[in-house]
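The values are calculated or read from the model by the stated rules, or taken from the named source; none is laboratory data. Please read these numbers as outputs of a predicted model, since none were measured by experiment. For neighbour counting, all protein chains shown are included, and Cβ atoms are generated from backbone atoms with ideal geometry for every residue, glycine included.
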Amino acid sequence: MRIKLSAVIALVSLFVGMQAYAEPIVTESTSNSTVTTNGNNKTTVKSPPPSAISPSINNSNADLCTVGVSGAVQTQILGISAGKTVRDMNCERLKLSKTMYDMGMKVAAVSIMCQDQRVFDAMEMAGTPCPFLGKIGAEAQEEWGSPRPVARPRNIEEDQKNEAVVKDNIVKTVGGVLLLILLL
């Protein structure tokens, strides 16, 4: 068995030794090619228009007498955004009156409140008329009874309705013009 194993090892070594000194096989090839491409390339990028983002109005301070209003409209062609603040006159009146009262000026505080038609009417119905140029009580009642329509407070609700109608007409006009522009 030893002889067979020695013979196999000798044959394998001879075969491996012959392969190590063998000449490599070399294959040569030459090729020429020409590529010609003709064509028109067109790239179209379709993306939506930038968004109309309405401005934000921060109301983190609760002591403000303003309210923020904003809005935006976006179409495929045009985007519009706007914003503004709206003053709350009644809130301002209450704060002013409270400040005057806190400073000990009670008649001035009542006078500020009497600038509201509702308060003025309530004071008159209660028999305690609003102060008039430093006069209070019966003296003020006489002065308010005299023909001084300019001194009496205006009806705020009617003023607000008239103002709202004017603003509504302005908004409709601007909206109509913008719609015409979009249609052209």
Looking only at the range 61-101, how many residues end up being in a strand (DSSP E or B), out of contact with any helix residue (DSSP H, G or I) (no Cβ under 8 Å at 6 or more places or on another chain) and within 30 Å of LYS46 (Cβ to Cβ)? 8
Which of (1) assigned to a helix (DSSP H, G or I); (2) within 30 Å of ASP63 (Cβ to Cβ) does GLY104 not meet, given it meets every other one? (1)
Do we find a residue being at pLDDT 80 or above and within 42 Å of the chain's Cα centre (by Cα) anywhere in the range 122-143? yes
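Yes/no per residue for (1) part of a loop (DSSP other than H, G, I, E, B); (2) at pLDDT below 70; (3) closer than 24 Å to GLY71 by Cβ; (4) touching a Phe, Trp or Tyr at 6+ places or on another chain (Cβ under 7 Å):
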{"residue": "ALA22", "(1), (2), (3), (4)": "yes, yes, no, no"}
{"residue": "VAL26", "(1), (2), (3), (4)": "yes, yes, no, no"}
{"residue": "SER29", "(1), (2), (3), (4)": "yes, no, no, no"}
{"residue": "ASN32", "(1), (2), (3), (4)": "yes, no, no, no"}
{"residue": "THR37", "(1), (2), (3), (4)": "yes, no, no, no"}
{"residue": "ASN40", "(1), (2), (3), (4)": "yes, no, no, no"}
{"residue": "SER51", "(1), (2), (3), (4)": "yes, no, yes, no"}
{"residue": "PRO55", "(1), (2), (3), (4)": "yes, yes, yes, no"}
{"residue": "ASN59", "(1), (2), (3), (4)": "yes, yes, yes, no"}
Could you list, in sequence order, all residues of the range 82-102 that are under 24 Å from PRO131 (Cα atoms), free of Cβ contacts under 8 Å to residues at least 40 places away in the same chain and hydrophobic (A, V, I, L, M, F, W, C)? CYS91, LEU94, LEU96, MET100
Anything in the range 107-135 that is among the β-branched types (Val, Ile, Thr), part of a helix (DSSP H, G or I) and farther than 28 Å from ALA164 by Cα? List them, or say none. VAL107, VAL110
